[in-house]
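In what follows, a structure is listed as structure tokens, so that the remarks can point back to it.
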Amino acid sequence: MKRIVVLLGIYAVAMALLEAAVVVYMRRLYYPKNPLELFPLHFLNDYDPLLELSREAATITMVLTVALLAERRSLTRSFAAFLFVFGVWDLFYYLFLKLLINWPRHWLEWDVLFLIPSVWLGPWICPAAIAMLFIVWGSWALLSQREVMFTTTSLTMIVAGACLSLITFMQPAIANGTETLSSYLPGAFWWWLFLPSYLLMAAGFALTRWPPRRRMSTHD
């Protein structure tokens, strides 16, 4: 299993470099004067939505496929492999962007995080923090000598925390509408909602380490 975790990590790092290279080219294409400045989001007027959504969907499919191939003993371990690869990929993606074009320029710089089903916006440090959580829990679950199980409580906490964090990322697009989003400039981020949602997710994952007697298994 240690060998599998190492190989999953290598795959995720390679994916991160590939993704970062694509984004560097996209920035030079859409922002030729200053690839480091994303806002206002003028690229929304010119980019191909179907092509970009397909690229992001393909990326998630690649992560999911390799996770299912690496761990097939249970849905829980497959899920752990998925989160581990996703976390390493996302964290190294920002590391490679920093090495390639010296971006992000500061800890709270905003980024376009995702485009499915709408534009996700927020400081890059937020998805990086979630990626760290995924890496820690995913690697522990994969390397654990016992079967990792979710309780109804832990699963509810994780799902609720994830949904609340998505609200913080999608709130700018919902509030401004896709028609005017191309002129959007970062404002006040909803830290008051993101931080509790992050702690809720972290607590839900932590409960899988110390589950109560009555447990709900996702064993396939």
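Annotations for the structure displayed:
- Qualifying residue in the stretch 111-118 (condition: surrounded by 12 or more Cβ atoms within 10 Å (Cβ to Cβ), closer than 29 Å to residue 187 by Cα and of a type in the set (D, E, K, R)): yes
- Of everything in the stretch 14-59 that is assigned to a loop (DSSP other than H, G, I, E, B) and hydroxyl-bearing (Ser, Thr, Tyr), the residue that is farthest from the chain's Cα centre (by Cα) is 31.
- Qualifying residue in the stretch 142-155 (condition: within 14 Å of the chain's Cα centre (by Cα) and buried (at least 21 other Cβ atoms within 10 Å of the Cβ)): no
- Selection count where residues are assigned to a loop (DSSP other than H, G, I, E, B), of a type in the set (Asp, Glu) and either within 30 Å of residue 46 (Cα to Cα) or modelled with pLDDT of 90 or more (or both), scope the stretch 141-185: 0
- Considering residues of the stretch 1-24 that are without any contact (Cβ under 8 Å) to a residue 12 or more places away in the chain and more than 16 Å from residue 87 (Cβ to Cβ) only, the residue surrounded by the most Cβ atoms within 10 Å (Cβ to Cβ): 18
- Close pairs (9 angstrom Cβ cut-off, 6 or more residues apart or separate chains): at pLDDT below 95 in the stretch 194-220, among the polar types (S, T, N, Q) and exposed (fewer than 14 other Cβ atoms within 10 Å of the Cβ) anywhere: 214/152; 215/152; 216/152
- Across the stretch 97-120, the number of residues qualifying as at pLDDT 95 or above, under 22 Å from residue 163 (Cα atoms) and not in a loop (DSSP other than H, G, I, E, B) comes to 2.
- Within the stretch 60-74, restricting attention to residues that are in a helix (DSSP H, G or I) and touching a Leu at 6+ places or on another chain (Cβ under 9 Å), the residue that is modelled with the lowest pLDDT is 70.
- Residue match in the stretch 131-138 (condition: part of a helix (DSSP H, G or I), in contact with a Leu (Cβ under 7 Å, 6 or more places away or on another chain) and free of Cβ contacts under 8 Å to residues at least 24 places away in the same chain): no
- Looking at 27, 55, just one residue is buried (at least 16 other Cβ atoms within 10 Å of the Cβ) and touching a helix residue (DSSP H, G or I) at 6+ places or on another chain (Cβ under 8 Å), and that residue is 27.
The values are calculated or read from the model by the stated rules, or taken from the named source; none is laboratory data. Because the structure is a prediction, the values reported are computed rather than measured. Counting neighbours? That spans all protein chains shown, and the Cβs are built from the backbone with ideal geometry, glycine included.
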